[in-house]
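The values are calculated or read from the model by the stated rules, or taken from the named source; none is laboratory data. Quick caveat: nothing in here was measured; it's all calculated off a predicted structure. Ideal geometry is used to build each Cβ from the backbone, glycine not excepted, and the neighbour counts take in all protein chains shown. For accessibility, only protein heavy atoms count, side chains too; no ligands or nucleic acids. Shrake-Rupley method; radii C 1.70, N 1.55, O 1.52, S 1.80 Å.
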Amino acid sequence: MLVGAGHERQDGASMAHCLIFLIGLHGVGKSTIGQALVPHGYRHISLGDLGRLLRRRRIPDGFTLRFLRLLAAHEPGERMSAKLVDALHGEIGQHNAHVPLVVDGFPAEPYQVMGLPAGCTLIHLTCPDPERMQRLAARSETTRRKWGADAAESRRDRQLGAVIEAAQERTDMRTLEIPNLGLPQQVAATIAALATQVQRQRVVFSETVFASR
């Protein structure tokens, strides 16, 4: 298991950088908020964005070829292979060793929660359904995947509740629910402040916190 930011390992060593995972239904704005965290010093890994680049035969910088090959072979909407999950953990560890890191779109299944680094922060983003569906409709105009009223029936969206329950059972990480309302910069600032608070306190959390804009 990787070791997360700001929490001591069993061998007494600690890491200095925050680590955030963004989850939520399709269209809640995970990638937008992930990108809005970049000005706060975060490096952003968006599995969806990376996959779209690879499908356009564009090679992103800063990632291992093994990870990129596995991600390129991954079919959107399907389960991530064990090899891809393992490769992603490797990328997370390499990047988070140097900078604060935000990953969106992962974990997508309950079993993946068990592999998250101790001390990380899991953010469950939400937004009103009408706004979410409007975003999905706009997305369908620019991507091959046609989003509609059945978007919530995707495998990842069906697993969301179970992912959150699995995360709440872990006592070595914090789970937060954040409504994505208002400007992305404001939401990102709230998330960055909460993650910094988690890092500084260096304690074990088990509760879910609801933060407003």
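So the values come out like this:
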{"quantity": "Area of Val99 that stays accessible when all protein chains are in place (1.4 Å probe, Å², to 10)", "calculated": "30 Å²"}
{"quantity": "Accessible surface, 1.4 Å probe, highest first, among residues Met133, Met114, Met80", "calculated": "Met114, Met133, Met80"}
{"quantity": "Kirkwood hydrodynamic radius over Cα pairs of the range 83-143, then Stokes diffusion coefficient at 10 °C and 1.306 mPa s, in µm²/s", "calculated": "113 µm²/s"}
{"quantity": "Separation of the Arg58 and Ala97 label points, Cα + 7 Å toward Cβ, nm", "calculated": "2.9 nm"}
